[in-house]
Amino acid sequence: MVIILRSDLFFILVLTIFKFRILKKYVFLNLDNLKTRNVYTKVISLENIIIFIIIVLSTGVALMSFDSIKSIGVSLLTSAGIAGIIIGLAAQKAIGTLLAGIQIALTQPIRIEDVVIIEGEWGWIEEITLTYVVVRIWDKRRLVVPTTYFIENTFQNWTRNSSEILGTVFIYTDYEIPFEKLREELTRLLEGSSLWDRKTNVLQVTDATDRSVQIRALMSAKDSPTAWDLRVYVREQLIVFIKENYPESLPKSRVSLKSD
C-alpha cells in the first residue's frame, strides 16, 4: 500500500514538473494569445486526465490486494440489486461528465482566457477541469458550469479564432438628423481614439418607426474589453454632438391638431 502511494506521488510530481517546464515558455503577454491559450488548455486538461487515471488504477490495485475487501465487494454486488442500479446510473452520469471534459480537451470549443457569453453572463474562461469549468464574470463573480453544458448547449465564444471583435452603438433620432454629418462625426471620434483598431467604421440607418429612426454605428477593436470601452465612448460623444449641434433632431412626438 505504501509502495503504491509513493509511486502515485512520484508520477504526479514528475507530471507537475513536466507541465511547468512546458508552460513557462508561454505567457499571457499579448492580447491576441491564441497559441498560448491552446497550450494551457491542452496541458492542464491532459494533466487532470492523467492524474485521474493514476488515482483510479492505484486505488483498484490497492483494493484488489485485500481479500476481505474483495469478498465484501462481491457480496454487495450480488445481494443489493437496487443499490447496484442506483450506483450504476450515478456512475453513468459521472462518466458522461468525464467524457465531456475529455472531449473539451481534445476539440477545444473553449480555451483558457476565452471570452464567452453563457447564461446571459459575459466573462472569461478561468479554469477547465474534467468535471466543471469556471467562468470569471466581468464584475469579478465566478460562474461554475459542468463540462457537459459546453457539449449539450449553445453558447457564444467571442475569441474562438481571434480576439478581434465588432462593437455596435444604437442611436435613436428624429427624421431631421443629417446622416452624413453624423457619419463625419463618427469618423472623427474613431480616428481620435486609441481604442479603435482602424478597421471598421460604419454608420447606417437600420430601422424607422412613426416617431424616430434607428441609427447603428459599427466599429472594431482589438478585443472585447476594448470594444466595450469604445462603444461607451462613441455613444456618449454622439449624444453630446446631437444635443449641441442638432437639438431639433432628438426624438420627439408630433401632435397634429385640426380645426373644425
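The values are calculated or read from the model by the stated rules, or taken from the named source; none is laboratory data. Bear in mind that the values here come from a model prediction, so they are computed numbers and not experimental data. Note that we place each Cβ from the backbone using ideal geometry, even for glycine, and neighbour counts take in every protein chain shown.
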(request) List every residue pair whose Cβ atoms lie under 7 Å apart, where the two residues are 6 or more positions apart in sequence or sit on different chains, the first residue falls within the stretch 154-167 and is within 15 Å of residue 36 (Cβ to Cβ), and the second residue, located anywhere, is modelled with pLDDT under 80 and in a loop (DSSP other than H, G, I, E, B). (result) 162/32; 163/31; 163/32
(request) Considering (1) surrounded by 15 or more Cβ atoms within 10 Å (Cβ to Cβ); (2) modelled with pLDDT under 85, say which one residue 171 fails and leave the rest. (result) (2)
(request) Sort out which residues of the stretch 170-225 are of a type in the set (S, T, N, Q) and within 28 Å of the chain's Cα centre (by Cα), and write them in order of number. (result) 193, 194, 200, 201, 220, 224
(message) in contact (Cβ under 8 Å) with a residue 60 or more places away in the chain, within 23 Å of residue 120 (Cα to Cα) and outside the structural domain of residue 37 (by TED's automatic domain parsing): is that true of residue 216 in this structure?
(response) no
